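Enquirer: This structure is in structure tokens; I'll ask about it shortly.
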Amino acid sequence: MKRLHGLEWPEPANRIENLRPNSPVRRLEMVVLRMYPRRMIVSPSYTGYVAAACGRDETGLVGLVLWGDQIQQVTLGDIIRLETGWCRSRDGALVVSTGKHGRLTVIQRFADARRG
């Protein structure tokens, strides 16, 4: 693990600076900087809550889409890992998500990082 700004960062397999629109994201680790209120989505492919967020690693910032239970799972300041997701461009900014088949894991809680 690498220490940066007082936090221990797992070595990322991918970095935000390497993301490209309309491409898969195998693995990406970031700290959650901001979360916006959830909203209900009703569409033919998904019905449930969605929330926008943003995160960063040492190479840049990226938008993040949280689906359903992920909204309660993640809190501000957590270090998360997104696996088997996707990257899109929206209004000129990159956005990542797990989509239907990916996985989001909380690697380190913000409260735990402050204690260590």
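Enquirer: Kindly indicate whether any position in the stretch 2-15 is at pLDDT 90 or above and in contact with a strand residue (DSSP E or B) (Cβ under 9 Å, 6 or more places away or on another chain). Give the steps one after another, and end with the answer.
Expert: Keep residues of the stretch 2-15 that are at pLDDT 90 or above, which gives 15.
Of the ones still in play, those that are also in contact with a strand residue (DSSP E or B) (Cβ under 9 Å, 6 or more places away or on another chain) are 15.
There is at least one residue in the stretch 2-15 that is at pLDDT 90 or above and in contact with a strand residue (DSSP E or B) (Cβ under 9 Å, 6 or more places away or on another chain).
Enquirer: Return yes when residue 109 is within 21 Å of residue 27 (Cβ to Cβ), surrounded by fewer than 19 Cβ atoms within 10 Å (Cβ to Cβ) and at pLDDT 95 or above and no when it is not.
Expert: On the way: within 21 Å of residue 27 (Cβ to Cβ): yes; surrounded by fewer than 19 Cβ atoms within 10 Å (Cβ to Cβ): yes; at pLDDT 95 or above: no.
Taking the combined requirement at face value, the residue does not satisfy it.
Enquirer: Within 18 Å of residue 16 (Cβ to Cβ), in a strand (DSSP E or B) and touching a residue at least 12 places away in the same chain (Cβ under 8 Å), is that true of residue 96?
Expert: Details: within 18 Å of residue 16 (Cβ to Cβ): yes; in a strand (DSSP E or B): yes; touching a residue at least 12 places away in the same chain (Cβ under 8 Å): yes.
Considered against the rule, which asks whether it is within 18 Å of residue 16 (Cβ to Cβ), in a strand (DSSP E or B) and touching a residue at least 12 places away in the same chain (Cβ under 8 Å), residue 96 comes out as yes.
Enquirer: Considering only the stretch 38-53, I want to know if a residue exists there that is within 16 Å of residue 14 (Cβ to Cβ), buried (at least 16 other Cβ atoms within 10 Å of the Cβ) and not aromatic (Phe, Trp, Tyr). Spell out how you get there, then give the answer.
Expert: Step one: of the stretch 38-53, the residues within 16 Å of residue 14 (Cβ to Cβ) are none.
Checked against the condition, which is being within 16 Å of residue 14 (Cβ to Cβ), buried (at least 16 other Cβ atoms within 10 Å of the Cβ) and not aromatic (Phe, Trp, Tyr), the stretch 38-53 yields no hits at all.
Enquirer: Among residues belonging to the stretch 68-89 that are touching a residue at least 24 places away in the same chain (Cβ under 8 Å) and more than 25 Å from residue 17 (Cβ to Cβ), point out the one that is surrounded by the most Cβ atoms within 10 Å (Cβ to Cβ). So that I can check it myself, show each step before the final result.
Expert: The initial filter retains those residues of the stretch 68-89 that are touching a residue at least 24 places away in the same chain (Cβ under 8 Å), namely 70-71, 73-89.
Remaining after also requiring more than 25 Å from residue 17 (Cβ to Cβ): 71, 73, 75.
Working: 71: 16, 73: 13, 75: 13.
My answer is 71.
Enquirer: Exactly one of these conditions fails for residue 62: (1) under 14 Å from residue 105 (Cα atoms); (2) part of a strand (DSSP E or B); (3) among the β-branched types (Val, Ile, Thr). Give me its number.
Expert: Evaluating residue 62 over (1) under 14 Å from residue 105 (Cα atoms); (2) part of a strand (DSSP E or B); (3) among the β-branched types (Val, Ile, Thr) leaves (1) as the failure.
Enquirer: Considering only the stretch 18-40, state which residues are at pLDDT below 95 and either in a loop (DSSP other than H, G, I, E, B) or polar (S, T, N, Q) (or both).
Expert: Within the stretch 18-40, 18, 19, 20, 21, 22, 23 meet the criteria.
Enquirer: Return the total of residues in the stretch 36-55 being touching a Leu at 6+ places or on another chain (Cβ under 6 Å) and not small (Gly, Ala, Ser). I'd like the intermediate steps shown before the answer.
Expert: Initial filter on the stretch 36-55 (touching a Leu at 6+ places or on another chain (Cβ under 6 Å)): 51, 53-55.
From what's left, not small (Gly, Ala, Ser): 54.
Qualifying residue count, the stretch 36-55: 1.
Enquirer: Now for a separate question. Look through the stretch 54-67, keep the residues that are of a type in the set (D, E, K, R) and within 12 Å of the chain's Cα centre (by Cα), and return whichever of them is surrounded by the most Cβ atoms within 10 Å (Cβ to Cβ).
Expert: Going residue by residue through the stretch 54-67, those that are of a type in the set (D, E, K, R) are 56-58.
From what is left, the residues that are within 12 Å of the chain's Cα centre (by Cα) are 56-57.
Numbers: 56: 14, 57: 19.
Looking at residues that are of a type in the set (D, E, K, R) and within 12 Å of the chain's Cα centre (by Cα), I get 57.
Enquirer: Sort out which residues of the stretch 95-106 are buried (at least 17 other Cβ atoms within 10 Å of the Cβ) and either within 15 Å of residue 61 (Cα to Cα) or touching a Lys or Arg at 6+ places or on another chain (Cβ under 9 Å) (or both), and write them in order of number.
Expert: If the condition is that a residue be buried (at least 17 other Cβ atoms within 10 Å of the Cβ) and either within 15 Å of residue 61 (Cα to Cα) or touching a Lys or Arg at 6+ places or on another chain (Cβ under 9 Å) (or both), then 95, 96, 97, 104 are the ones that fit.
The values are calculated or read from the model by the stated rules, or taken from the named source; none is laboratory data. Everything numeric in this text was worked out from a predicted model, so none of it was measured. Reconstructed Cβ throughout: ideal geometry from the backbone, glycine too, with neighbour counts over all protein chains shown.
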